[in-house]
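Please read the structure below before turning to the comments.
The values are calculated or read from the model by the stated rules, or taken from the named source; none is laboratory data. Since this is a predicted model, take the numbers as computed values, not measurements. Positions of Cβ are generated from backbone atoms using ideal geometry, with glycine treated the same way; all protein chains shown enter the neighbour counts. These area figures cover heavy atoms from the full protein model, side chains too; ligands, DNA and RNA do not enter into them. Shrake-Rupley method; radii C 1.70, N 1.55, O 1.52, S 1.80 Å.
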Amino acid sequence: MTTAGTGQAEADRGEKGGIRTALAGLTTRGRSFLAAGVAAAVCSYVLGQSDLLRVGLLLAVLPLVCATVLYRTRYRVAGSRRLSPARVAAGSEARVHLRMDNVSRLPTGLLMLQDRVPYVLGPRPRFVLDRVEAGGRREVSYRVRSDLRGRYPLGPLQLRLTDPFGMCELTRSFSTFDTLTVIPRVEPLAPVRLSGEATGYGDGRQRSLALAGEDDVIPRGYRYGDDLRRVHWRSTARYGELMVRREEQPQRARCTVLLDTRGIAYQGAGPDSAFEWAVSGAASVLVHMLERGFSVRLLTDSGNAVPGEGGDGFAGANQESADAAGLMMDTLAVIDHSDGAGLSRAYDVLRGGNEGLLVAFLGDLDEEQAAVLGRMRQRSPGAVAFVLDSDTWVREPSDVPGPLDGSGERLRMLREAGWTALGVPRGASVDELWRQADRERRGMAAAGGGEG
């Protein structure tokens, strides 16, 4: 949960144009009284009725007095907003807690509290506070929900002041905002062995150092707590100080998740579109692999990698997995279609090799892009592709001949290049396809064509 900064709203006196502001705050009732009073005064002059003039003056003066008193009343209130949680999955609810503190020495009158929220999060919440005593506080809350991922601003908080007769209404705004991040839906995945490894620490992989930094040279100087059995006596005699051998441990296995964001590769829009399924699938795989101890990287067709820190751009080995997952989820929350036409930029990032397991979520492909993906496969020991045929997602289910209609040839090309390639039918479960990919990989291995 995160806490928003506090702000203050005050009805100041003596501002330039104060009378105009007060009159602009007249409600429909107040304007009606004023108009009726003026009309009664005119009629009294025409008809010569002095009693009608007194009635007209009373009707006209009442809203003017209410507006003046309300405008000159000094209310000092502080407001704060708290989101619980500040990051929520699409389709889930978050609760927004509002707190109002009366920091003046006088009790307030009738207050209306209103918070500005985007239309996609639901109706604008409004609360009526009858009276807040001096030094008192009031807390209210409301819920927001969005089926569309994104970053949505909440605020500013508005406070409406009104008189007991409902003749005038003035609005004061706070200056603080908050941001609600709606991330893609994440589906739990089965712990399959698509990369041929049981955990994130692969057998027979490269080795890394347990206690030494990247700049250390074998052997290194003794550090407090080192096991004396690791003392390297020859180097100790050479340098004149205790030197120890470095211990080695298995290096974390790597996983690159490639997300195809090309606008020309997807059709349709909305929470049930093919592109949104691909984004949700990428998020599910990223979280799953981080939980299994992999070093993970998110890569798009434009060549942008997240988190992109360090020389290799992977996260999970040198930083907390939760922080890495949060950074990638925030990126996926706002990711949109790119203007690119191919996957060559992503291939350039992968040309260095040693990328570990490659999991791709792809839209419509042509022969050229299928060939580029074939070259990508040569740089990874294991590769899984989920190909979304846009035609099957924009047509009605009764009009779809088959889940692989229009993409069977591209799937064949990817499989010949060594990919475990699956077509994604409309509304498919990410977990079911994940399990199916594992079954196909094991079938290929049993037939002698398994992934390395």
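Sort 336-344, 255-263 by packing, meaning the average of other beta carbons within 10 Å per residue, with the highest value first.
On the way: 336-344: 15.6, 255-263: 24.1.
Listed from highest to lowest mean packing, they are 255-263, 336-344.
Rolling a 1.4 Å sphere over the protein heavy atoms, what is the accessible area per residue of segment 19-75, to the nearest Å²? Display every interim value, and only then the final one.
Details: 3690 Å² over 57 residues.
In whole numbers, segment 19-75 has 65 Å² accessible per residue.
Put a dot 7 Å past the Cα of ALA269, heading toward its Cβ, do the same for SER32, and the two dots end up 4.2 nm apart.
With a ≥ b ≥ c the root eigenvalues of the C-alpha gyration tensor of segment 19-75, is it rounded (a/c under 1.5), prolate (a/b larger than b/c) or oblate?
Working: a/c = 3.52, a/b = 2.53, b/c = 1.39.
Judged from the Cα gyration tensor, segment 19-75 comes out prolate (a/c at least 1.5, a/b above b/c).
Projecting the Cα positions of GLY135, PRO188, LEU148 onto the charge dipole of segment 114-194 (unit charges on Cβ atoms of Lys, Arg, Asp and Glu, taken about the Cα centre) puts PRO188 furthest along the positive direction.
Would you mind working out the magnitude of the charge dipole of segment 77-183 relative to its Cα centre, with +1 at each Lys and Arg C-beta and -1 at each Asp and Glu C-beta, to the nearest 20 Debye?
Details: 18 positive and 10 negative charges, 64 e Å.
Taking the Cα centre of segment 77-183 as origin, the dipole is about 300 debye.
Sparsely packed loop sites in segment 74-183 (the GluC sites (Glu not before Pro) outside DSSP H, G, I, E and B with at most 12 other Cβ atoms within 10 Å) comprise GLU133. Heavy-atom surface analysis with a 1.4 Å probe gives segment 327-367 a carbon and sulfur content of 42 percent of its accessible area.
Between ARG151 and LEU110, the modelled label-to-label distance comes to 4.0 nm, taking each label 7 Å out from Cα in the direction of the beta carbon.
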